[in-house]
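Read the figures in this text as sums done on the coordinates, not as results from a lab. From a predicted model like this one, the values you see are computed outputs, not experimental measurements. Every residue, glycine as well, gets a Cβ built from its backbone with ideal geometry; the counts of neighbours run over all protein chains shown.
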Amino acid sequence: MDIIRDTGPRKRKKKLAWSATAIGAFAIAVFGWQLLPSGLPTVDAAVVWSDTVARGTLTRQVRGPGTLVPEQMRWITAVTAGRIEQILSLPGTDVSAGDLIMRLSNPDVDMQLLQAQQQLSAAHASLVQLRTSLRMQELQQRATTATVRADYLEAERIHRINQQLFDENPELVARADLARSRESVDALSLRLETETERLAVIQATSGEQISAQEEQITRLADLVRFSRDRIQSMHVTASVSGVLAPLDIPLQEGQWVQSGQALSRVVAPGRLKAEVRIPQTQAQEIAVGQVATIDTRRDTIQGRVVRIDPAVRSGTVTIDVALPPSLPPSARPDLSVDGSVIVEHLDDVVHMGRPTFGQANRQVSLFRVVDDGRFAERVTVRLGASSLNDIEVREGLQPGDVVILSDMSQWDGFNRVRLRGRGGAR
């Protein structure tokens, strides 16, 4: 037969009460298990990074990657396009001013020189022809002027005689002949004036025509000289003394180079500076004159900041660090280095090593070592100013406390852990 089950409100309330009791008991059990020494998670003290909180001077520094570059460098570029026929000096060679580095060739430049020389020769020939032509014109015009002058004088003499005869006896010379002689004198007088002006024009313009042709010769001579300089520039020489430095992309014999392309560079040996790229968020604290340290991976060089680039490139600000004249053997041009700049000294502050996740002026949760290094408990710490490897502690820790700086995020659910093995300061 069917059994009637009790599904009323009392039954449901009883189930909810039993569920709440079970959940509460489980939570109390878990919390109690965490409080028991045997229920704490165990961390190997040998693999965590710890440090001791101390009071003293905190030196704040900012760091960035950089490169050693020469203070004095001279680029050698191609004056004209050409093919590299021979490379005589390789990077690393000591050169003096005027030493031949490589030879280029370009048949087009040779042809341009021949054409310029041909044009110059033609211009010289034209000048000689022009001078001859102008001289012949002047001589011819002089002869014409002299002939017209003689005709004019003859006509004037005839007219004067006719006038005298007519004045003495009108019957000796006809009036028409007298008028005709007068008209001849007037016509020859006008022609003589015209021919004289023509001679003056020829004499005045001859010098201008010759000057214009001489200027053309000067321009063509400059063009020939320029073409010769282009050919001479294909014998590439060092403009200053120094050491040849390598290019980013080495050149090869037979390679075609364009005008203005870099062929080599000469650096002054022994004088280097460091160009350090500082993150833009930290560059605002850098000032000219601050002490900087350059790490070459083998040596440490101390210098000073001498220039700060006003522009931001790729999220960084480039600073120039002047280095002393005497440098260690590890310092070489284009060497990748690490640079750090001391921005300030904070006296009498509580500080410790910088945690892996700690940032300046933030509040973080750290594990402090307690019970002679057997356990570590979570504490809340407020941080202050930071440096490369150290950071200021403003609240939450006291000098002498040992804290774990490693990443302990896997233990975020615990406020206390057990340390296995011997712990201690770094």
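Some notes on this structure:
- Folded to 0 to 90 degrees: helix 175-233 orientation relative to the chain principal axis, Cα: 30 degrees
- Extension reserve of the Thr52-Thr196 stretch, reckoned as 0.36 nm per residue once the Cα distance is removed: 40.3 nm
- Candidates Ser239, Ser189, Ser121: whichever shows maximal mean-square fluctuation once the chain is modelled as a Gaussian network with Cα springs under 10 Å: Ser189
- In order along region 48-55, the phi-based Karplus estimate (6.51 cos²θ - 1.76 cosθ + 1.60, θ = phi - 60°) of 3J(HN,Hα) comes to 9, 9, 10, 8, 9, 5, 9, 10 Hz; Gly and Pro are listed as x.
- A cut-off of 5 Å between modelled amide H atoms, ignoring neighbours fewer than 5 places along the same chain, links Leu419 with Val43, Phe375, Ala376.
- Backbone phi angles across region 251-258, fed through the Karplus curve with coefficients 6.51, -1.76 and 1.60 (θ = phi - 60°), yield HN-Hα couplings of 8, 10, 5, x, 7, 8, 10, 8 Hz in residue order; Gly and Pro are listed as x.
- The loop-placed GluC sites (Glu not before Pro) in region 169-234, going by DSSP, that have at most 16 neighbouring Cβ atoms within 10 Å of their Cβ come out as Glu171.
- Cβ-Cβ FRET estimate between Gln115 and Gln209, R0 fixed at 35 Å, reported to 0.05: 0.90
- Amide hydrogen proximity for Val79: with H placed 1.01 Å from N in the peptide plane, the residues at 5 or more positions away or on another chain lying under 5 Å are Gly260.
- Near Ser241, the amide H atoms lying under 5 Å from its own belong to Ala97; only residues 5 or more places off or on other chains count, and H is placed 1.01 Å from N.
- Structure-derived Kirkwood radius over Cα pairs in Å: which label, when the choices are (i) 24.8; (ii) 21.7; (iii) 33.4: (iii)
- Legend: calculated FRET efficiency, Ser126 to Ile158, from the Cβ-Cβ distance at R0 = 45 Å, rounded to 0.05, equals 0.40.
- Charge sum, other residues only, whose C-beta stays under 14 Å from Val240's C-beta, Lys/Arg counted +1 and Asp/Glu -1: 0
- Formal net charge of residues neighbouring Gly289 (Cβ-Cβ distance under 14 Å; K, R +1; D, E -1): -1
- Residue-wise HN-Hα coupling along region 280-286, computed from phi with Karplus coefficients 6.51, -1.76, 1.60 (Hz; x: Gly, Pro): 4, 6, 10, 5, 5, 8, 8
- Ellipticity estimate at 222 nm from DSSP helix runs (n ≥ 4, -39,500 (n - 2.57)) divided over the chain, nearest 500: -13000 deg cm²/dmol
- Centre-to-centre, using Cα atoms only, region 40-111 and region 198-274 are separated by 31 Å.
- Rounded tilt (10° steps) of 107-168 against the dominant C-alpha axis of the chain: 30 degrees
- With 0.36 nm allotted per residue and the present C-alpha distance subtracted, the Asp338-Thr218 stretch has 37.4 nm of extension available.
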